[in-house]
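Have a look at the structure below, then the notes.
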Amino acid sequence: MAVQQNRVTRSKRNMRRSHDSLTAVSSNECPNCGELKLPHHVCGSCGYYAGREVVNVAQDLDLDDDS
Ligand SMILES: [Zn+2]
């Protein structure tokens, strides 16, 4: 097993960790349906991108119906 030879100082440790922070996921409002969507991605609720429908999203599909 490798064992470190020198102690890492608080300064060096914190310098290494200065790039570790996470950023929040950005989101835009879909101009077609108003749902929040990821930028540069097809809208997940209506299937539109750049003003036209590119994915056919089934609207009346009810997966929770047990009957
Ligand atoms: Zn949409």
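Bear in mind these aren't lab numbers, they're just calculated from the coordinates by the rules spelled out. Fair warning: this is a prediction, and the values are worked out from it, not measured in the lab. Because the Cβ atoms are built from the backbone with ideal geometry, glycine has one as well, and the counts that use them run over all protein chains shown.
One table, with the values for the structure above:
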{"read-out": "Hits in segment 17-43 - residues which are touching a residue at least 12 places away in the same chain (Cβ under 8 Å) and within 9 Å of the ligand (Cβ to nearest atom)", "value": "Cys30, Pro31, Asn32, Cys33, Val42, Cys43"}
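Let's see how each residue does on (1) loosely packed, with under 11 Cβ neighbours inside 10 Å; (2) not in a loop (DSSP other than H, G, I, E, B):
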{"position": "Gln4", "(1), (2)": "yes, no"}
{"position": "Arg7", "(1), (2)": "yes, no"}
{"position": "Met15", "(1), (2)": "no, yes"}
{"position": "Asp20", "(1), (2)": "yes, no"}
{"position": "Pro31", "(1), (2)": "no, no"}
{"position": "Gly34", "(1), (2)": "no, no"}
{"position": "Pro39", "(1), (2)": "yes, no"}
{"position": "Asn56", "(1), (2)": "yes, no"}
